[in-house]
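*Asks:* Sending over a structure as structure tokens; questions will come in a sec.
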Amino acid sequence: MSVEDQFPIKRVDHIEFYVGNAKQSAAYYRDGFGFLKTAYRGMETGDREVASYVMEQGHVRFVVSAATVRDHEIAHHAHKHGDGVAVIAMEVPDADYAYRFTTERGAEGVTPLQCLTDDHGEYRYSIIQGYGDTLFKFVDRSDYNGAFAPGYEQREVIEGKTHPGIGLASVDHIVGNVELGGMDKWVRFFEEVMGFSMLTHFDDDDISTEYSALMSKVVQDGTGKIKFPINEPAEGRRKSQIQEYLDYYGGPGVQHIAIITGDIISTVAAMRQRGIEFLQVPPTYYENLTERVGDIKEDIDRIADLNILVDRDEEGYLLQIFTKPIEDIPTIFFEIIQRHGSRGFGVGNFKALFEAIEQEQALRGNL
Ligand code: FE2
């Protein structure tokens, strides 16, 4: 039996951000991204140390957490990294098995199986160390039917199966930036410890621009549903965008989260209207676009208006767009992606995209 069959992962259960002010972060994801606040813990629910808001849309679930006391790991994380992804939680059939399976294969254990209970049943989880200070959490909620987890109280109720919001449907991939020389180590971690396999890789030839080079490898789980690209900086004439991230984040961490939409035009139009800022490629990108990518279903004028990027490979095409970093420091950002057959990452857009990133780096005085 191959490793991937031995270690099944159902889906990304949630992504938890440690932030400086969870109330304001929750409002940002509600107002800017259309999430619904479905659960909460904090002083009002009896938690004296942490305030957390669970934000849901489609099958995407974010948790934003802040410490309400000064000497707390969440406060230390926020001080060291700014707001950032602290926990990537994956739903598994058995959290105890997942912990033993991964730690036996070399993962650093953080929290062995924990079983939390309340009136809604039993919620089980375990935690191993991921890249940098990022934690990988295994969650088994098969015997739990509460709002999120014990300790949380329900807030807004989802009508129907999921909250449609502005069309954000599920997590497509979660990208980690690691230190120079760390990419292969983390690819091996995913292969050997988690049973993932390498899907594709990009090197200098694909993606170096004049200044901002990086190397990237993509690993995925056995189902192909969960993809973790890993970037490391490469030598360029000037500072790599990955090195800029590492400098400001204070080490390795999540660079961007890509979220699938079924209708990128309406999703991005809604986000722009809600004040979310995106990277801007030059208008010349849209000259000869159809010659480069062939016919697409979407209206090219609308695509150009919204500054959405298009790429095609043997399997089909994809549309994608990237937000600017969501904080004052150039660390985490989001990608919105719609796939029409293509399972790629938009390699044809890397040059235009990285030039746009470098323009922003130059504005920040970091190129
Ligand atoms: Fe991406």
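*Asks:* Report the charge-dipole magnitude of region 3-154 in Debye, nearest 20, computed about the Cα centre from +1 at each Lys and Arg Cβ and -1 at each Asp and Glu Cβ.
*Replies:* Roughly 420 debye, rounded to the nearest 20.
*Asks:* Moving on. Residue by residue through region 188-193, which ³J(HN,Hα) values in whole Hz follow from phi under the Karplus form 6.51 cos²θ - 1.76 cosθ + 1.60 (θ = phi - 60°), with glycine and proline marked x?
*Replies:* Each residue of region 188-193 in turn: 4, 4, 5, 5, 7, 8 Hz.
*Asks:* Per residue of region 43-56, in order, report the coupling 6.51 cos²θ - 1.76 cosθ + 1.60 (Karplus, θ = phi - 60°) as ³J(HN,Hα) in whole Hz, putting x for Gly and Pro.
*Replies:* 4, 5, 9, x, 8, 8, 10, 9, 10, 9, 10, 9, 10, 10
*Asks:* What is the spin-label model distance, in nm, from Glu108 to His59 if the labels are put 7 Å beyond Cα along the C-beta direction?
*Replies:* Once both label points are built, they end up 3.2 nm from each other.
*Asks:* Tell me, in nm to one decimal, what length is gained between Asp301 and Leu363 on full extension, where the rule is 0.36 nm per residue of separation less the Cα-Cα distance?
*Replies:* 19.5 nm is the gain from fully extending Asp301 to Leu363.
*Asks:* Okay, moving on. Amide H of Ile226 versus every other amide H placed in the peptide plane: which residues, excluding those fewer than 5 positions away on the same chain, fall under 5 Å?
*Replies:* Asp221
*Asks:* Give me the distance in nm between label points sitting 7 Å out from Cα along the Cα-to-Cβ direction at Arg292 and His76, one decimal.
*Replies:* 4.7
*Asks:* Right, next: Check cross-link reach from Lys324 to the lysines: straight Cα distance under 30 Å, and skip same-chain residues fewer than eight apart.
*Replies:* By straight Cα distance, Lys324 reaches Lys23, Lys37, Lys80, Lys137, Lys185, Lys217, Lys225, Lys227, Lys239, Lys297, Lys351.
Just so you know, all these numbers are worked out from the coordinates, no wet-lab data involved. Here the structure is a predicted model, which is why all the values come from computation and not from measurement. In this analysis, Cβ positions are derived from the backbone assuming ideal geometry, glycine residues included, and neighbour counts consider all displayed protein chains.
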